[in-house]
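To start, the structure itself, in structure tokens.
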Amino acid sequence: MAIIYFAYLFFLSYLALSVLYLAVFAIAGRLGRADDNYLPGRAQVLKKIGVLIPAYKEDAVIVDSVKANLAQDYPASRFDLIVIADSFQPHTLATLATLPIKVIEVSFEVSTVAKAINAALAQIPDHEYDILVVSDADNHMAADFLSRINAAFGQGWKAVQGHRVAKNTDTSVAVLDAISEEINNHIFRKGSRALGLASSIIGSGMAFDPVLMKSCMANLHTMGGYDKELEMNIVLSGHKIGYLEDAFVYDEKVAQQAVFENQRTRWIAAQWQFLKFYFRRGITELLNGRMSSAFKVIQALVLPRVILLGVLALCSFIGLLIPDPTLRSLPIASLLGLIASLILSVPNYLWKRVTMREVMLIPVLMLRFARAIFNMRKAFKSFMHTPHTSAPDKSTDTVRIP
């Protein structure tokens with residue numbers, strides 16, 4: 001019984017430390033600030049920007065996205081949209097050929113975003129661009145996005161993450177996915193920068209110095225989580241990653257439960273593979289006092305918030321049946337701390353979209369997430385693509401998020 005007691009106490013302590021980690025960064029996100037320092041009209045050097053758009057079977061959205069992203073207030077002669085087309089239909093390629101963009105066709109036996117980007121990087125001359133941006137096939141960059149990226153690089157940044165927000169909130173799943181995205185923005189990007197650490201990157205709406213990007217993309221191990229490895233390699237190379245809270249990119253959120261489960265299966269597998277390859281390195285970085293890189297591994301050790309919420313709720317219920325005061329109070333205190341941290345991290349504009357329908361859906365998504373954990377082996381064998389099909393939600397796509 002003593003072994004079971006201490007094992008359960010150790011597990012509760014791990015959960016409590018995970019909540020403490022999230023709480024510290026959530027508070028820092030409220031008290032600190034991001035790295036925006038853009039003033040429209042200020043004279044500055046206009047760097048040449050290449051926007052990489054890796055796209056796998058994205059015939060349904062790519063043309064509309066390209067047309068939307070051409071409408072930048074940045075001079076057209078100083079940026080190129082580069083669609084990395086994997087498994088597109090001939091009619092889509094023909095339509096793209098009529099637009100003022102570049103198209104790089106790729107094909108792989110097993111497709112991944114990392115392979116597509118690396119194939120494109122191999123074809124781009126070293127000094128053709130001063131900045132490389134990565135955008136998803138469904139992303140719509142705000143009109144001033146590239147101007148804000150240019151300003152940040154003019155101030156010396158070599159890696160920055162923009163503010164990715166929801167393009168659609170037309171279903172309850174999309175609303176909760178949008179909330180999850182903004183919690184990540186608040187805790188792992190703004191909160192990290194407030195504490196002097198590197199911002200997390202998220203796979204799109206991000207920009208890099210081309211030489212740095214090529215070197216950090218050279219040796220990747222994970223099937224579907226290249227952004228985590230890219231982030232780690234950038235930090236290990238001695239560079240911080242900035243966060244531009246006012247540089248918006250509108251991203252399609254998953255609208256159905258099945259797609260949510262599929263996407264989370266890929267993310268969990270990527271997190272597991274990341275820990276497999278970088279856990280020892282993270283411990284070494286921690287022991288040597290290099291906190292920015294060490295915290296990237298610590299962050300990966302924190303359970304996904306939906307699972308953390310469900311596990312703490314279950315442990316709190318179990319605690320009511322146990323006479324031991326520590327086993328009863330620790331999960332309840334952790335649960336309350338987690339809820340407070342999440343509330344602190346959600347922006348006001350999304351609270352207006354939360355109804356009882358979204359609240360009732362949370363337990364269902366918990367079960368979907370749990371099933372995704374058991375199915376993560378599927379993501380080790382093949383890239384689990386998330387399809388994009390929805391049109392923008394007018395309430396968020398055309399209005400700058402406060």
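Where a number appears in this text, it was derived from the coordinates with a stated rule and is not lab data. Just so we're clear, the structure is a prediction, and the values are computed from it rather than from any experiment. So basically every Cβ, Gly included, is an ideal-geometry build from the backbone, and we count neighbours across all protein chains shown.
I343 label point, 7 Å along Cα→Cβ, cut-off 19 Å on backbone N: hits in the stretch 270-306? The answer is 305-306.
Of the peptides 54-66, 301-313, the ranking by mean beta-carbon count within 10 Å, highest at the top, reads 54-66, 301-313. The Cβ shell under 12 Å around F208 holds other residues with a net charge of -2, Lys and Arg each +1, Asp and Glu each -1. Where a ≥ b ≥ c are the square roots of the eigenvalues of the C-alpha gyration tensor, would you call the stretch 49-253 rounded, which needs a/c under 1.5, or, failing that, prolate if a/b is larger than b/c, or oblate? Since a/c stays below 1.5, the shape of the stretch 49-253 is classed as rounded.
Taking a point 7 Å out from the Cα of Q123 in the direction of its Cβ, the residues of the stretch 77-104 whose backbone N falls within less than 11 Å of it are 82-86, 102-104. Taking a ≥ b ≥ c as the square roots of the eigenvalues of the Cα gyration tensor of the stretch 74-151, is the shape rounded (a/c under 1.5), prolate (a/b larger than b/c) or oblate? It is prolate, given that a/c is not under 1.5 and a/b is the larger ratio.
Test of understanding: what is the full-extension gain from F277 to I318, defined as 0.36 nm times their sequence separation minus their Cα-Cα distance? Working shown, then result.
Values: separation 41, 0.36 × 41 = 14.76 nm, distance 3.51 nm.
Roughly 11.3 nm would be gained on extension.
I need the GluC sites (Glu not before Pro) found in the stretch 73-161, filtered to DSSP loop residues with at most 12 other beta carbons within 10 Å of theirs. Provide the component values of the computation, followed by the final result.
Details: sites: E105, E109, E128; in loops: E109, E128.
Here the sparse-neighbourhood loop sites are E109, E128.
Classify the stretch 145-191 as rounded, prolate or oblate from the Cα gyration tensor: take a ≥ b ≥ c as the square roots of its eigenvalues, call it rounded if a/c is under 1.5, otherwise prolate when a/b beats b/c and oblate if not. In terms of gyration-tensor shape, oblate.
In whole Å, what is the distance between the alpha-carbon centres of the stretch 1-54 and the stretch 264-286? Their Cα centres are 16 Å away from one another. Computing FRET efficiency as 1/(1 + (r/R0)^6) for S77 and Y14, where r is the C-beta to C-beta distance and R0 is 35 Å, gives about 0.05.
Distance between the modelled labels on A97 and N375, one decimal in nanometres: 3.9 nm (7 Å Cα→Cβ projection). Comparing mean-square fluctuations of R164, R264, R290 from a GNM of the chain with C-alpha springs under 10 Å, the top value falls on R290.
Full extension of the segment from A2 to V24, taken as 0.36 nm per residue of separation minus the current Cα-Cα distance, would add 4.7 nm.
Counting residues in the stretch 1-62 as N, plug N into 2.2 N^0.38 Å and put the Cα Rg over that result.
Numbers: Rg = 24.0 Å, N = 62, 2.2 N^0.38 = 10.6 Å.
For the stretch 1-62, the normalised Cα radius of gyration comes out at 2.27.
For the listed peptides 323-329, 238-244, 137-143, a ranking on the average number of other beta carbons within 10 Å per residue, highest first, reads 137-143, 238-244, 323-329. Our summary of shape: the Cα atoms of the chain have principal axis extents of 71, 44, 43 Å, ordered from largest down, in whole angstrom. Distance between the pseudo-spin-label points of I307 and E105 (7 Å out from Cα toward the beta carbon): 4.1 nm.
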